[in-house]
1. Could you grab me the full set of residues in the range 9-65 that are assigned to a loop (DSSP other than H, G, I, E, B), over 16 Å from VAL220 (Cα atoms) and hydroxyl-bearing (Ser, Thr, Tyr)?
2. Among the residues of the range 146-169, how many are of a type in the set (A, V, I, L, M, F, W, C) and either within 15 Å of ALA100 (Cβ to Cβ) or surrounded by fewer than 21 Cβ atoms within 10 Å (Cβ to Cβ) (or both)?
3. How many residues, within the range 1-21, are without any contact (Cβ under 8 Å) to a residue 40 or more places away in the chain and farther than 18 Å from ASP158 by Cβ?
4. Inside the range 170-190, can you point out the residues that are part of a loop (DSSP other than H, G, I, E, B) and crowded, with 20+ Cβ neighbours inside 10 Å?
5. What is the number of the single condition among (1) surrounded by fewer than 18 Cβ atoms within 10 Å (Cβ to Cβ); (2) small (Gly, Ala, Ser); (3) at pLDDT below 75 that SER242 does not meet?
6. If the Cβ limit is 6 Å and pairs must be 6+ apart or interchain, which residue in the range 141-166 that is farther than 23 Å from ASN64 by Cα and free of Cβ contacts under 8 Å to residues at least 12 places away in the same chain pairs with which residue that is surrounded by fewer than 24 Cβ atoms within 10 Å (Cβ to Cβ) and of a type outside the set (Gly, Ala, Ser)?
7. If you check LEU76 against the conditions, is it surrounded by 12 or more Cβ atoms within 10 Å (Cβ to Cβ) and within 30 Å of MET1 (Cβ to Cβ)?
8. So GLU225 fits all but one of (1) assigned to a helix (DSSP H, G or I); (2) in contact with a helix residue (DSSP H, G or I) (Cβ under 6 Å, 6 or more places away or on another chain); what number is the exception?
Amino acid sequence: MSTAIEFQNVSKSFGDNLVIPDMDLEIKKGELFVLVGTSGSGKTTSLKMVNRLEEPTDGDILINGKKAKSYPLQQLRWSMGYVLQQIALFPTMTVAQNIAVIPEMKKVSKKEINRLVDELLTKVGLDPGKYRDRLPSELSGGEQQRIGILRAIASKPDIVLMDEPFGALDPLSRTTLQDLIIELHEELHNTIIFVTHDMDEAIKLGDRIGIMGDGKLLQVGSPEELAQNPASDFVYDFFHSSANKLGYQIPISRVVQVEGYTTPQDENIAAVQLPEDATLQKAFAALSDYNYIEVLSKQQEFLGYLSRKQVFQYLSSQ
């Protein structure tokens, strides 16, 4: 898989304050990559350097193999979607007008824009007939954030940047929009960098996760890799405090009660066998090498298949 975004020895200072000392990172095309860390860890600054809202003090960021600073600034930013926690919809523009901002700048025809707006609103469960002419002030917080997401993807950018977009929402809206991001990513196959301080959110969303602290990228890996091989006590504590809160020690039979069993589409799947009283911690470790668990009874009878996706869905819903 080719690289969409690459940080090469990137540093960032604000005056005498060194925020990012030296960052190297490769993000693959089509990847949903999550940067997670505590407040002040440098994750948002790192994100903003990708579309040059902040310029690196030293080093280079490459976009599709070309230095970001070599792109015309407008072209660079038009090629990326950007979603903020503050949403920042234009208050005097309708829902349809907000979604259409970038396509109109790119001279897409009015007929195509109208079709696109209706299609996108339908995709996120908002009736175009009811919503396209509303103003942002007439929407709930969750609805406004859906429009913010649609505005970011309306021009079908290859890269989407998301800076703690759900931090101000209630838990139900947050879960709904997390599911929406996963759906849209699976459909569009774009590259997403998603910034959050919430490890639960990172586990649910990330193909890979980068954990940051004090401006340093402490470890990068899949959720399974971080669970099995934390690079430091900080990473271990940051990851497992979330995992324990989610019920990491409960048996996989609890997941089955909620998620049910699944039927793998591929007959030649590779699966690991675990008893129904095995903990989620053991399941998590096993799923680094397998996509499915063959759940066995205490008498070693086969009960059914449980997928990696089901385990993560259960964890993220707790």
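1. SER39, THR57
2. Keep residues of the range 146-169 that are of a type in the set (A, V, I, L, M, F, W, C), which gives 147, 149-150, 152-154, 159-162, 166, 168-169.
Narrowing the set further to residues that are either within 15 Å of ALA100 (Cβ to Cβ) or surrounded by fewer than 21 Cβ atoms within 10 Å (Cβ to Cβ) (or both) leaves 147, 149-150, 152-154, 168-169.
Result for the range 146-169: 8.
3. Residues meeting the conditions: 4.
4. Selection gives ASN190 alone.
5. (1)
6. Going by the 6 Å Cβ cut-off, there are no qualifying pairs.
7. yes
8. GLU225 satisfies all of (1) assigned to a helix (DSSP H, G or I); (2) in contact with a helix residue (DSSP H, G or I) (Cβ under 6 Å, 6 or more places away or on another chain) except (2).
The values are calculated or read from the model by the stated rules, or taken from the named source; none is laboratory data. Just so it is clear, the structure is predicted and the values come from calculations on it, not from any experiment. A quick note on method: Cβ atoms are made from the backbone with ideal geometry, for glycine too, and the neighbour counts reach across all protein chains shown.
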